[in-house]
Structure formats: C-alpha cells, structure tokens
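Below is one structure, written out as structure tokens; the observations come after it.
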Amino acid sequence: MLNFGNAAAATAADDVIKDTTTQAFMKDVIEESRRQPVLVDFWAPWCGPCKQLTPVLEKVVRAAKGKVKLVKMNIDEHPQIAGQMGIQSIPAVIAFANGQPADGFMGALPERQVTAFIERITQDRIGGEETDLLKVADAALVEGNATDAAELYARVLAGDSGNTHALAGLARCYVETGAIEQAKQTLALVPEAKRNEAPVAAARAALDIAEQAATLGPIAELEQKVASNPADHQARFDLAVALNGKGRKLEAVDHLLQIVRRDRAWNEDGARKQLVQFFEAWGPTDEATIEGRRRLSSILFA
C-alpha cells in the first residue's frame with residue numbers, strides 16, 4: 001500500500017528548495033520573501049566549496065520545516081543577478097526578507113553556523129525587543145545619526161555581548177564619527193567564524209574606505225584636477241573616494257560611473273570594484289546603493 005502521508009511530506013520538503021533563473025528571480029525570491037525569508041545560494045559547477053555548502057544548506061533548510069526557503073542560482077548560466085549585487089566570490093548566500101537583501105555570508109560554513117544563521121534570519125533566537133532595537137539602530141545609521149545608532153547598538157550588546165549585528169553596527173558608527181581605532185577594536189571582538197557575515201563585511205568595507213579617504217588631499221584640489229583633465233581617471237577615482245568620506249555618496253557614484261563608461265578596463269576594473277565596495281559599506285537598503293546598482297547595471301548590461 002502507498003503511504004500518501006510520507007509522499008506528501010516529501011513533496012512539502014522539496015517545495016522549500018528550488019533552482020531559479022534570471023527571469024524567475026523576481027517571483028521565486030523577491031515576491032516569495034514577502035511571505036517568508038528566502039536564502040539565495042549563488043554557486044557554480046566548478047566551485048569546490050559550493051559542493052560542500054549546498055548539501056548543508058539543503059539539510060538545514062529542510063529541518064526548519066517551512067520557516068525559510070532555499071533558492072539556488074547557477075551563476076555560470078545566470079550571471080546577471082550576481083553581477084548586479086556585486087558578488088565577486090562564491091559560494092555566497094544572501095537572505096532576502098520583505099523583498100530586500102537582509103543578511104548573508106560567503107564561504108562554506110559548517111552546519112552549526114549555517115543553522116545559527118537561519119535561526120537568526122527566522123528570529124527564533126532573537127527577542128522582539130532586541131530585533132526592534134537593531135532595526136531602529138540600522139535606520140538611524142542609514143539616516144546619518146550615528147550617535148543615536150551607537151546608543152541602541154550598545155543597549156543590545158549590554159544584553160548580548162556577542163551579537164554580531166550590533167558589534168558591526170557599532171563599528172560603523174565609529175567609522176562615521178572618525179573614530180577609526182575604536183572601529184578596529186570593535187571589529188576585533190567579532191569571532192573569527194562570523195567575520196564573513198554581511199554586517200561585518202559591510203563594517204569592514206566602511207573602515208577600509210575611511211582609511212583610504214584619509215590619505216587623499218582636499219576635495220577642492222581633486223575637483224580642480226578633474227576639471228582641468230576629465231580623462232584623468234585616477235584623480236576622478238580619488239575624488240569619488242574623498243566625496244564618499246564626506247557623505248556625498250551620489251556624487252561619488254557619478255564619478256565612478258563616468259570612469260566605467262569611459263574605460264571599463266581602467267586599473268583592472270577598479271572603478272566598478274570600488275562601487276561594489278561602496279555598496280557593501282552602505283548596505284543593500286541605502287538609497288545610494290539602490291540607485292548606484294541600478295545605474296551600474298544599466299551600463300554593464302546595456
């Protein structure tokens with residue numbers, strides 16, 4: 001006799017894992033993530049670590065019993081989405097929630113860390129108050145209010161000293177206020193196993209950019225160089241980094257996109273790579289990131 005109960009359970013389990021395409025990405029990921037978190041596994045057949053990570057992801061997602069879905073995207077066959085998101089190494093796992101990228105990690109993490117990641121995404125272990133504090137802190141930081149954001153991150157850390165999201169957020173607050181050494185010290189508190197997580201990578205990118213900007217000359221001098229020689233890509237690149245250091249993000253994007261349009265190969269694709277680092281530092285929901293990615297994609301995929 002056939003066991004329809006077992007068959008139905010197997011079908012339900014398979015429903016939480018699927019492959020997607022560039023054309024189906026909106027339906028499979030963006031729209032679906034408005035109902036529940038969706039993990040996107042960017043992989044390729046030649047990638048050894050991908051072959052290690054994917055079975056672990058599938059096992060943990062099935063164990064979550066419908067709280068999260070897994071969508072796999074072969075970047076060899078469908079490179080456009082990964083390119084738009086600035087993904088440069090695989091495996092890369094990005095979690096989407098409410099139609100937006102929310103978190104992620106790179107590399108083949110062991111099962112216990114993947115489980116912890118999914119538990120965090122599904123908020124099984126995060127209390128409501130803590131979650132609300134982190135959301136408000138993130139919003140304050142995006143709006144440029146680093147002081148209020150730092151106070152909120154500190155409140156989370158008072159109850160959970162190892163909270164990676166809060167540590168990374170606090171480090172970014174230090175970067176925003178020019179306290180570079182404090183930012184480094186804060187990031188050093190993040191356990192090594194969690195240093196590839198998206199909030200930490202964003203904080204590290206912000207720190208790198210701030211240190212880079214500190215070595216440049218006054219913006220007025222860089223603007224004069226570009227005005228006198230619009231083809232001086234290095235001066236324009238330096239100006240973009242300096243403008244970002246002063247919070248003038250969209251102007252920085254404009255200058256880097258001009259380099260991409262004029263000479264994509266300049267400095268080994270340096271302008272596009274710098275844009276990707278900006279996007280990582282600003283975060284996926286920042287207006288400058290959204291606008292910059294849209295405009296970059298229109299150039300690359302025109």
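The values are calculated or read from the model by the stated rules, or taken from the named source; none is laboratory data. Here the structure is a predicted model, which means the values were calculated and not measured. In this analysis, Cβ positions are derived from the backbone assuming ideal geometry, glycine residues included, and neighbour counts consider all displayed protein chains.
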Checking GLY247 against (1) touching a residue at least 40 places away in the same chain (Cβ under 8 Å); (2) over 26 Å from GLU287 (Cα atoms): exactly one of these is not met. Which one? (2)
Among LEU243, LEU250, LEU256, LEU189, which is under 28 Å from THR115 (Cα atoms) and within 22 Å of the chain's Cα centre (by Cα)? LEU189
Just to verify a result, which residue in segment 220-251, among those that are under 22 Å from ARG172 (Cβ atoms) and of a type in the set (A, V, I, L, M, F, W, C), is surrounded by the fewest Cβ atoms within 10 Å (Cβ to Cβ)? LEU250
Boolean, THR289 is in a loop (DSSP other than H, G, I, E, B) and either in contact with a strand residue (DSSP E or B) (Cβ under 9 Å, 6 or more places away or on another chain) or crowded, with 22+ Cβ neighbours inside 10 Å (or both): no
Only one of ILE121, ILE94 is surrounded by 20 or more Cβ atoms within 10 Å (Cβ to Cβ), at pLDDT 85 or above and of a type outside the set (S, T, N, Q). Can you tell me which? ILE94
If you scan segment 252-272, which residues turn out to be within 13 Å of LEU300 (Cα to Cα), part of a helix (DSSP H, G or I) and either not hydrophobic (A, V, I, L, M, F, W, C) or not assigned by TED's automatic domain parsing to the domain that holds ASP232 (or both)? GLN258, ARG261, ARG262, ARG272
Subset tally (residues that are modelled with pLDDT of 90 or more, in a helix (DSSP H, G or I) and touching a Lys or Arg at 6+ places or on another chain (Cβ under 9 Å)) for segment 1-28: 1
Which residue, of ALA102, ALA92, ALA82, ALA97, is within 16 Å of the chain's Cα centre (by Cα), more than 18 Å from LYS27 (Cα to Cα) and assigned by TED's automatic domain parsing to the domain that holds GLU31? ALA92
